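Let me begin by presenting the structure, written as structure tokens, before commenting on it.
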Amino acid sequence: MVQEHIKSYIGKLIEEITAHLQTAGLADSTDAVHDTRVCIKRIRAFLKVLDLKRKNRAVRKLLNKD
């Protein structure tokens, strides 16, 4: 049950990022860029809550990138 909720939450965030990235290159897209950053921050916070950074080398590399 919890795994399904986690999958749906991450899936919704990925859909939001995809939608925001499609409009981020347009002329009046400052809100889309901001919303994309917010989604990314939510994913990073979620990973910190699960403490995957310490346990998974691939996740650690992604989080340490600028």
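A simple packing score, the average count of other Cβ atoms within 10 Å per residue, orders the peptides 37-43, 5-11 as 37-43, 5-11, with the highest score first. Backbone phi angles across region 29-41, fed through the Karplus curve with coefficients 6.51, -1.76 and 1.60 (θ = phi - 60°), yield HN-Hα couplings of 10, 5, 5, 5, 5, 4, 5, 5, 4, 5, 4, 5, 5 Hz in residue order; Gly and Pro are listed as x. Of all aspartates and glutamates in the structure, those lying under 16 Å Cα to Cα from LYS12, and not within fewer than 8 positions of it along the same chain, are GLU4, ASP35. Quick one: with all protein chains in place, what share of the accessible area of the chain is carbon or sulfur, to the nearest percent (1.4 Å probe)? The computed percentage sits at 57.
Helix content alone sets the calculated 222 nm mean residue ellipticity of the chain: runs of n ≥ 4 DSSP H residues at -39500 (n - 2.57) each, divided across all residues, give -27500 deg cm²/dmol.
The values are calculated or read from the model by the stated rules, or taken from the named source; none is laboratory data. Bear in mind the structure is a predicted one, so any value in this text is a computation, not a measurement. A quick note on method: Cβ atoms are made from the backbone with ideal geometry, for glycine too, and the neighbour counts reach across all protein chains shown. Calculation scope for accessible area: heavy atoms of the full protein, side chains included, ligands and nucleic acids excluded. Shrake-Rupley method; radii C 1.70, N 1.55, O 1.52, S 1.80 Å.
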